[in-house]
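Down below is the structure, laid out as structure tokens.
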Amino acid sequence: MGAAIIDGKAFAARVRARVAEGVAGLAGRGIVPGLAVVLVGEDPASQVYVRSKGRQTVEVGMRSFEHRLPADTGEAALLDLIAQLNADPAVNGILVQLPLPGHLNSDLVINAIDPAKDVDGFHISNVGLLSTGQKAMVPCTPLGCLMMLRDHLGSLSGLEAVVLGRSNIVGKPMVQLLLGDSCTVTVAHSRTRDLPDVCRRADILVAAVGRPQMVPGDWIKPGATVIDVGINRVAHEGGTRLVGDVDFDSAAAVAGAITPVPGGVGPMTIACLLANTLTATCRAHGLPEPEGLTA
Ligand code: NAP
């Protein structure tokens, strides 16, 4: 194996420590950032995420507000709750855990959040601000990827970046962030022709497809930096294990650096959620934003 391992767990711990410092700095002004998480239904994976978010929010010194609603909650009741959270000065960040049950319109619900409190960065205003290069709340997973890339590579200017996947949550905002850092960006998806050749152009390859170990080492340019966003549970020795979208062993033999799964992008997502909540709090109070925690 030749590649350097980009340790997302350690990086996320450093981000959380910087957030905790920022939160401590606000305490002197009597400000405590608050993050409200709304969970509708009992999806087991979502429950795990929400618990973890709540714990980490408190650990950095913020207030955590959890709203658990039954799976059959109607749209009007959910919109009512969001209106209350929008109006509550103790709440600086609002996150509605996705996916929502099928009878609820996710776009309508997300776009009801005050964009200044939209710490997931999914509100249409934040999507527009990001794509026009203006100050936005940036989606947490791509923000975490950007932080790791900047930390590892320094300037990204002029590098060839390939983003594999075009979802609204990961692929598209990742494209905007890489463009913002002056990469030459190609976005690939299920209809892309000659995918291996497209990937081989990449100095930076970000894989976000949700297909276990789809990207083998021979799709990777020697020395490239590989960010594996995929989280896929596969059968393993009578149980299961998590793997990424990249075939780690063959990729690590060729790449210059690579994020592992688990322990790469995953831990950065919640760390960036906390960073966004701190940023939203500073903006709400007209204070300078924390350095190095935004795009
Ligand atoms: P998604 O909404 O399902 O999007 C997947 C994208 O991959 C789509 O654009 C799709 O293309 C493309 N794709 C699928 N199969 C492909 C193929 N065979 N060749 C080329 N492109 C293909 O997924 P997502 O929400 O972006 O998530 C992607 C992965 O990241 C998942 O494993 C998810 O669990 C993981 N994830 C991790 C985190 C984290 O915290 N680390 C956060 C979010 C997501 P089309 O558009 O053409 O269908």
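The values are calculated or read from the model by the stated rules, or taken from the named source; none is laboratory data. Predicted, not measured: the structure shown is a model, and the values here were computed from it. Every residue, glycine among them, receives a Cβ derived from its backbone with ideal geometry; neighbour counts consider all protein chains shown. Remember, those area values only see protein heavy atoms, side chains included, never the ligands or the DNA or RNA. Shrake-Rupley method; radii C 1.70, N 1.55, O 1.52, S 1.80 Å.
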Quiz item: So which residues in the range 178-197 are surrounded by 15 or more Cβ atoms within 10 Å (Cβ to Cβ), within 11 Å of the ligand (Cβ to nearest atom) and polar (S, T, N, Q)?
Solution: Thr192
Self-check item: Members of the range 92-109 that are surrounded by 22 or more Cβ atoms within 10 Å (Cβ to Cβ) and aliphatic (A, V, I, L, M)
Solution: Ile94, Leu95, Val96, Leu100
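Would you be able to say whether some residue in the range 111-121 is of a type in the set (S, T, N, Q) and open to solvent by less than 50 Å² (accessible area, probe 1.4 Å)? Before the answer, list the steps.
Residues of the range 111-121 that are of a type in the set (S, T, N, Q), as a first pass: 111.
Pick out the ones that are also open to solvent by less than 50 Å² (accessible area, probe 1.4 Å) and you get none.
Checking the range 111-121: not a single residue is of a type in the set (S, T, N, Q) and open to solvent by less than 50 Å² (accessible area, probe 1.4 Å).
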Quiz item: Just to be sure, is Val246 within 10 Å of the ligand (Cβ to nearest atom) and open to solvent by less than 10 Å² (accessible area, probe 1.4 Å)?
Solution: no
Quiz item: closer than 30 Å to Gly93 by Cα and either among the polar types (S, T, N, Q) or open to solvent by 20 Å² or more (accessible area, probe 1.4 Å) (or both): does that describe Thr269?
Solution: yes
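Return yes or no: is Val37 in contact with a Lys or Arg (Cβ under 6 Å, 6 or more places away or on another chain) and crowded, with 21+ Cβ neighbours inside 10 Å? Spell out how you get there, then give the answer.
On the way: in contact with a Lys or Arg (Cβ under 6 Å, 6 or more places away or on another chain): yes; crowded, with 21+ Cβ neighbours inside 10 Å: yes.
Taking the combined requirement at face value, the residue satisfies it.
Run down Val175, Val162 and say which single residue is within 17 Å of the chain's Cα centre (by Cα), touching a residue at least 12 places away in the same chain (Cβ under 8 Å) and open to solvent by less than 80 Å² (accessible area, probe 1.4 Å).
Numbers: Val162 fails: within 17 Å of the chain's Cα centre (by Cα).
The conditions single out Val175.
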Quiz item: Given (1) open to solvent by 20 Å² or more (accessible area, probe 1.4 Å); (2) out of contact with any helix residue (DSSP H, G or I) (no Cβ under 6 Å at 6 or more places or on another chain), where does Ser64 come up short, assuming only one miss?
Solution: (2)
Quiz item: Checking Gly133 against (1) free of Cβ contacts under 8 Å to residues at least 40 places away in the same chain; (2) surrounded by fewer than 22 Cβ atoms within 10 Å (Cβ to Cβ); (3) outside any helix (DSSP H, G or I), which test does it fail?
Solution: (1)
Quiz prompt | Scan of the range 203-243 for residues that are within 17 Å of Ile6 (Cβ to Cβ), open to solvent by less than 40 Å² (accessible area, probe 1.4 Å) and within 9 Å of the ligand (Cβ to nearest atom), ordered by number | solution = Ala207, Ala208, Asp228, Val229, Gly230
